[in-house]
Amino acid sequence: MHRVLIADSLAPAGVDVLRQSADVDELRDADRPRLAELIADYDAVIVRSGTQITREVLEGGDRLKVVGRAGVGVDNIDIAAATQRGVLVINAPTANSLSATEHTFALLLALARRIPSADASLKAERWERKSHVGSELHGKTLGIIGFGQIGQRVARRARAFEMEVLAYDPYLQAEVAKRLDVEPMSLDGVLAGSDFITFHTPLTDQTRNMLNRRSIASMKDGAAVINVGRGGVVDAEALLEALDSGKLAGAGLDVFPEEPPTDYRLAAHPRVVATPHIGAQTSEAQERIATETARMVLAALGGSLAVSAVNLPFRSSGSRGEPFLRLGEQLGRLAAVALGGSLRRVQVDLWGIDQELRKSVAVAALKGALVPSCGEGVNYVNAERTAADRRVELVQATHSDQAAYAHLVRVRAVGAEPPAGAWTADGVAEVAGTTYRHGETHGDLRVVSFGGFRMEFKPQGLLLVVRNLDVPGFVGRLGTLLGNGGINIADIHLAREPGGHALAVLRLDQPPDDECLAALLALEDSISVDLFDLS
């Protein structure tokens, strides 16, 4: 069983999910300074925001395969170091979206109706109705910066309050905006036209301090800001100045550039309603986050890419894309072992593959091609980095012309020079394959072309590949020799080409020893014999 370390508190429901399929330990506070040492014994670690997964910690994880972030933000994880080591980083980006949406409105209403100050005055035994005049949401304009799941949920609720909604997102699709009755605009347009602005973007180099002195100057006088996303998207000093001057009427903040803050001026400002990053702190969200993270960690450990991965070099397409990734990987591996020499380029040609799958299939083929020489440490996360380090080029091409199959992937492994003893000519090994539908998915993988021969076989198991002169009786002699050696043939596939050469691909139940292989090569009319292990 895989071993999983829980480094921060996780809701019991998530722990229960993990314990059904893995050995689970929870990090004790006394052992926290030794995390870089202890991590060596685990296949996965799950953290929240309290544990830093640094390069030092990752370098201690010789068997570490997955880092699970029980939440959205991954600022506490060294993504570059994890990618370099082939460690998959996953998070739970949707589990807290409902709670974050509702907290956005909690801050919005508290700010509009001045609830915190009214509550404080009444608790101080003061009845001050005229001091707490607020404003209605009805008829106001809400600007939403970032229109992912949370932004869209906020838009639906804002429309229920009969607010006008403007939205900015560089990836906002027109049909989504139309369906939610939202007007898509530029960032400057949203800032200038809104009474309330709410942020729901990730923190990147492009979004850091996107609300700054310049952008605040373009906003309406008396507008208000809500941030339940990432603290760094708002320039704290610029916001303080705008609140002090009255340019902005208020701010509702659940997140801060530094957490916990060392400077509490913003949180303590009389025009600010502040909470300590509790947007996801509901019992329902915590249970969803825990169970979703646990299931994805176990799935990732089992080899599935149908997870929310942060550092894959392509967008995960879920279980629908997995057969095509397996096809690309097995074709890449077969091409590389057939090449038999130093790999210099992997060319992946695609027909009929959906656009969202093309990059992932190419990376899968590269991974498969690198494994024979680099070992199982190569995975989808670090395949491109490993190839670059070894000066192996990946070339991907998509073709629109009609192929013989609805989906076709062709992989060419190219060596630095024609390798001695390789069964292919000119230092190039070429293999093509497709998937056949099995039930609801394309789960049946087939090679349909190998080294210029048109033939079909499954790219799995122990494959004996024999090239021979196309003469009567050869296949019989081949089978007899294997039978005499106690080797059972699971299946056999034959092809021939003009010019008198033939190819036999046999899937075997047992590996032939060196003496048997030598005897096969010594058969009359035998040209080459190779054994490929794709198990």
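Quick one: which of 432, 504, 490, 522 is within 25 Å of residue 336 (Cα to Cα) and open to solvent by 40 Å² or more (accessible area, probe 1.4 Å)?
One residue alone meets the criteria, 490.
Out of all the residues in the range 116-149, which are touching a residue at least 60 places away in the same chain (Cβ under 8 Å) and open to solvent by 30 Å² or more (accessible area, probe 1.4 Å)? Give the steps one after another, and end with the answer.
If we filter the range 116-149 for residues that are touching a residue at least 60 places away in the same chain (Cβ under 8 Å), which is where we start, we get 116-117, 145-146.
Of everything in the range 116-149, those that are touching a residue at least 60 places away in the same chain (Cβ under 8 Å) and open to solvent by 30 Å² or more (accessible area, probe 1.4 Å) turn out to be 116, 117.
Do you know which of the residues in the range 200-257 that are within 26 Å of the chain's Cα centre (by Cα) and β-branched (Val, Ile, Thr) is surrounded by the fewest Cβ atoms within 10 Å (Cβ to Cβ)?
Step by step, filter the range 200-257, then rank; the result is 204.
Filter the range 39-56 down to the residues that are crowded, with 20+ Cβ neighbours inside 10 Å, more than 20 Å from residue 291 (Cα to Cα) and in contact with a helix residue (DSSP H, G or I) (Cβ under 6 Å, 6 or more places away or on another chain) and list them by number.
39, the sole residue that qualifies.
Output the residues belonging to the range 367-384 that are assigned to a helix (DSSP H, G or I) and either in contact with a Gly (Cβ under 6 Å, 6 or more places away or on another chain) or without any contact (Cβ under 8 Å) to a residue 24 or more places away in the chain (or both).
Of the residues in the range 367-384, the ones assigned to a helix (DSSP H, G or I) are 367-374, 383-384.
Passing the criteria: 368, 369, 374.
How about the range 348-365: which of its residues are open to solvent by 20 Å² or more (accessible area, probe 1.4 Å) and touching a Leu at 6+ places or on another chain (Cβ under 8 Å)? Break it down stepwise before answering.
Of the residues in the range 348-365, the ones open to solvent by 20 Å² or more (accessible area, probe 1.4 Å) are 351-352, 354-356, 358-359.
Once the filter is applied, which keeps residues that are open to solvent by 20 Å² or more (accessible area, probe 1.4 Å) and touching a Leu at 6+ places or on another chain (Cβ under 8 Å), the range 348-365 yields 351, 352, 358.
When you scan the range 297-308, do you find a residue that is in a loop (DSSP other than H, G, I, E, B), out of contact with any strand residue (DSSP E or B) (no Cβ under 6 Å at 6 or more places or on another chain), open to solvent by less than 40 Å² (accessible area, probe 1.4 Å) and within 30 Å of residue 356 (Cα to Cα), even just one?
yes
Within the range 474-487, which residues are open to solvent by less than 50 Å² (accessible area, probe 1.4 Å) and over 19 Å from residue 514 (Cβ atoms)?
474, 476, 479
I need a count of the residues in the range 96-115 that are open to solvent by 50 Å² or more (accessible area, probe 1.4 Å) and in contact with a Lys or Arg (Cβ under 9 Å, 6 or more places away or on another chain).
Residues in the range 96-115 being open to solvent by 50 Å² or more (accessible area, probe 1.4 Å) and in contact with a Lys or Arg (Cβ under 9 Å, 6 or more places away or on another chain): 2 in total.
When you check residue 93 against the structure, is it open to solvent by 10 Å² or more (accessible area, probe 1.4 Å) and within 30 Å of residue 42 (Cα to Cα), yes or no?
On the way: open to solvent by 10 Å² or more (accessible area, probe 1.4 Å): yes; within 30 Å of residue 42 (Cα to Cα): yes.
Criteria met by residue 93.
Show me the strands (runs of 3 or more DSSP E) found entirely inside the range 428-535 where at least 2 residues are aromatic (Phe, Trp, Tyr) and within 22 Å of residue 411 (Cβ to Cβ).
On the way: elements: 428-438, 441-450, 453-457, 462-469, 489-497, 501-508, 526-533.
Qualifying strands (runs of 3 or more DSSP E): 453-457.
Do we find a residue being under 23 Å from residue 285 (Cα atoms) and out of contact with any Phe, Trp or Tyr (no Cβ under 7 Å at 6 or more places or on another chain) anywhere in the range 51-63?
Let us first name the residues in the range 51-63 that are under 23 Å from residue 285 (Cα atoms), namely 51-52.
So of that shortlist, the ones also out of contact with any Phe, Trp or Tyr (no Cβ under 7 Å at 6 or more places or on another chain) come out as 51-52.
Checked the range 51-63: at least one residue is under 23 Å from residue 285 (Cα atoms) and out of contact with any Phe, Trp or Tyr (no Cβ under 7 Å at 6 or more places or on another chain).
Can you name every residue in the range 150-182 that is in contact with a helix residue (DSSP H, G or I) (Cβ under 7 Å, 6 or more places away or on another chain) and surrounded by fewer than 15 Cβ atoms within 10 Å (Cβ to Cβ)?
181
Hey, does the range 5-17 have a residue that's within 18 Å of the chain's Cα centre (by Cα) and hydroxyl-bearing (Ser, Thr, Tyr)? Give the steps one after another, and end with the answer.
Narrowing the range 5-17 to residues within 18 Å of the chain's Cα centre (by Cα): none.
The answer is no; no qualifying residue exists.
Hey, among 275, 282, 262, which residue is polar (S, T, N, Q), loosely packed, with under 13 Cβ neighbours inside 10 Å and more than 18 Å from the chain's Cα centre (by Cα)? If you could, list the steps in order and put the result at the bottom.
On the way: 275 fails: loosely packed, with under 13 Cβ neighbours inside 10 Å; 282 fails: loosely packed, with under 13 Cβ neighbours inside 10 Å.
Criteria check complete, one pass: 262.
If I go through the range 318-366 residue by residue, how many of them are touching a Lys or Arg at 6+ places or on another chain (Cβ under 7 Å), over 12 Å from residue 459 (Cβ atoms) and in a helix (DSSP H, G or I)?
Total satisfying the criteria: 1.
I'm trying to understand the selection: among the residues of the range 6-50, which are under 15 Å from residue 76 (Cβ atoms) and among the hydroxyl-bearing types (Ser, Thr, Tyr)?
9, 49
Is it the case that residue 68 is closer than 21 Å to residue 290 by Cα, of a type outside the set (Lys, Arg) and open to solvent by 30 Å² or more (accessible area, probe 1.4 Å)? Lay out the reasoning, then the answer.
Working: closer than 21 Å to residue 290 by Cα: yes; of a type outside the set (Lys, Arg): yes; open to solvent by 30 Å² or more (accessible area, probe 1.4 Å): no.
Against the criterion (closer than 21 Å to residue 290 by Cα, of a type outside the set (Lys, Arg) and open to solvent by 30 Å² or more (accessible area, probe 1.4 Å)), residue 68 does not qualify.
When you go through (1) modelled with pLDDT under 90; (2) surrounded by fewer than 16 Cβ atoms within 10 Å (Cβ to Cβ) one by one for residue 530, which number turns out not to apply?
So residue 530 meets the others, but not (2).
Determine the pairs where a residue that is at positive phi, located within the range 484-504, has a partner that is open to solvent by 40 Å² or more (accessible area, probe 1.4 Å) with Cβ atoms under 9 Å apart, the partner being 6 or more residues away or on another chain.
From residues that are at positive phi, the pairs are 486/510; 499/470; 500/469; 500/470; 500/471.
Does residue 83 fit the bill of being under 20 Å from residue 194 (Cα atoms) and open to solvent by less than 50 Å² (accessible area, probe 1.4 Å)? Spell out the reasoning first.
On the way: under 20 Å from residue 194 (Cα atoms): no; open to solvent by less than 50 Å² (accessible area, probe 1.4 Å): yes.
No.
Tally time: how many residues in the range 122-142 are within 16 Å of residue 112 (Cβ to Cβ) and of a type in the set (D, E, K, R)? Show your work before the answer.
We begin by selecting, within the range 122-142, every residue within 16 Å of residue 112 (Cβ to Cβ); these are 131-142.
Now narrow it down to the ones that are of a type in the set (D, E, K, R): 136, 140.
The number of residues fulfilling the criteria is 2.
The values are calculated or read from the model by the stated rules, or taken from the named source; none is laboratory data. Every value quoted in this text rests on a predicted model; they were computed, and no experiment measured them. Neighbour counts run over all protein chains shown; Cβ positions are idealised from the backbone, glycine included. Keep in mind that these areas ignore ligands, DNA and RNA; they rest on the heavy atoms of the full protein, side chains included. Shrake-Rupley method; radii C 1.70, N 1.55, O 1.52, S 1.80 Å.
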